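The values are calculated or read from the model by the stated rules, or taken from the named source; none is laboratory data. These numbers come from a predicted model, not from an experiment. Here the Cβ positions follow ideal geometry from the backbone for every residue, glycine too, while neighbour counts run over all protein chains shown. Remember, those area values only see protein heavy atoms, side chains included, never the ligands or the DNA or RNA. Shrake-Rupley method; radii C 1.70, N 1.55, O 1.52, S 1.80 Å.
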Amino acid sequence: MDTLRAETETSSETEKAILADVRARFETTEDPRIRQLILGLIDHLHAFVREQKVTWSEWEYFMGFLARAAAVTKDGRNEFIALSDSIGISMQVLAASQPKPPGATIPTLIGPFFIDDAPEFPIGADIAGGASGQPLYAYGRVLDTQGEPVSDAILNIWQSDDRGLYDVQDNFDPEKMWGRGRIKCDSQGRYAFWSVMPTAYPAPMDAALGDLIRNTTGRYWRPAHLHFAVETKTADALATHIFVRGSEHIDCDVAFGVRPALITDFTEHAPGVAPDGREMNGAYRTLNYDFVMTRSGR
């Protein structure tokens, strides 16, 4: 018994000494915010290893897990963002760093398929680019919390087609992007565009994210949604989703991005004249949504 106690005490002292050595080195970091973050991360990771008694084989597996994530990360797909989304860290970062007052549009994760050089379109254009799906006309305004227009807003939109695929998953050609675009709002904050209805789709399960989901929750679907990111110099930038009311998997989003205020109607219409005067020969949907921005400087 005394031998076991002595071995345990020796192990504990070694663990403390390792942590002390690491902290001493990183405490010399000049930037105070980087120093705070790295020391906090070191403390939590070392505590996790000690408390969970992580074995060497488990550590090797995790290193391989990260390598699998790195192997598939490229333009248009970031496996590390997908992993962050799948354990709620992305949403937690947003909640902590971008709190919003009542009435303001809630930010959500940006996801792994955003591209920052999407093609530009005029208001009212069709950004589908040949994507398959039921026609959708989306329109609304970008306002601040006082109801004033955000006159310099640029709306980024990206989405899946009715197969549940994004262009970056479908023999991607940077010269022929589809289901994505950038639209500069007018001086009253108005935007409008044609596209197609999105659908629910499974998260990519062919790499590290798949390993995580298969070995844990088994939940890997995302409900139907459109992605939006609003660029502006006069208000706080915003990235969010708008979810289709009634979509499958709305209650079990793999990325934890669904919030009640972001679920809305994509109203179905019979053939006829659309809000912009376009004659529709078949059924189509409309989305009328106003984005409400803060001007706190965050």
Exercise for the section: Collect residues whose amide H, placed 1.01 Å from N in the peptide plane, falls under 5 Å from the amide H of Gln134; neighbours closer than 5 in sequence don't count. Expected result: Met197
Fill in the blank from the handout: Given 71-82, 225-236, the highest-first ranking by average Cβ count within 10 Å works out to 225-236, 71-82
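Place the peptides 150-156, 237-243 in order of packing, highest mean first, counting for every residue the other Cβ atoms within 10 Å and averaging per peptide. The partial results should precede the final answer.
Working: 150-156: 20.0, 237-243: 22.3.
Order by mean packing, descending: 237-243, 150-156.
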Handout entry: Amide H partners (placed H, <5 Å) of Ala203, local residues excluded
Key = Trp221, Arg222
Completion exercise
Kirkwood calc, region 1-93, C-alpha pairs only, radius in angstrom 16.2
Handout entry: Computed accessible area, Asp276, all protein chains, 1.4 angstrom probe, square angstrom
Key = 70
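Remind me, relative contact order of the chain in percent, using alpha carbon pairs under 8 angstrom and six or more residues apart? Walk me through the intermediate numbers first.
Details: 527 pairs, mean separation 58.9, N = 298.
Once divided by the residue count of the chain, the mean separation gives 20 percent.
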Completion exercise
Calc'd 3J(HN,Hα), region 110-121, phi into Karplus 6.51 cos²θ - 1.76 cosθ + 1.60 (θ = phi - 60°), Hz, glycine/Pro = x, comes to 7, x, x, 10, 6, 10, 8, 10, 5, x, 8, 10
Fill in the blank from the handout: Per the rule of 0.36 nm per residue minus the C-alpha distance, extending Val72 to Asp152 adds in nm 25.2 nm
Problem - Residues of region 81-184: accessible area per residue with a 1.4 Å probe, Å² - result: 45
Problem - Pairwise label distance in nanometres, Ile38 with Ala125, each label 7 Å out on the Cα-Cβ vector - result: 4.4
Practice task
Would you please give the FRET efficiency between Ser57 and Thr217, computed as 1/(1 + (r/R0)^6) with r the Cβ-Cβ distance and R0 = 30 Å, to the nearest 0.05?
Solution key: 0.80
Completion exercise
Simple spin-label estimate for Glu13/Asp265, 7 Å along Cα→Cβ, in nm, reads 7.2
Exercise for the section: Could you calculate the contour length gain from Arg23 to Gln134, that is, 0.36 nm times the residue separation minus the distance between their Cα atoms, to one decimal place in nm? Expected result: 34.3 nm
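Quick one: with all protein chains in place, what share of the accessible area of the chain is carbon or sulfur, to the nearest percent (1.4 Å probe)? Walk me through the intermediate numbers first.
Numbers: 8940 of 16360 Å².
Heavy-atom surface of the chain belonging to carbon and sulfur, 1.4 Å probe: 55 percent.
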Practice task
Name the lysines eligible as straight-distance cross-link partners of Lys176: C-alpha to C-alpha under 22 Å, and not fewer than 8 places from it in the same chain.
Solution key: Lys74, Lys184
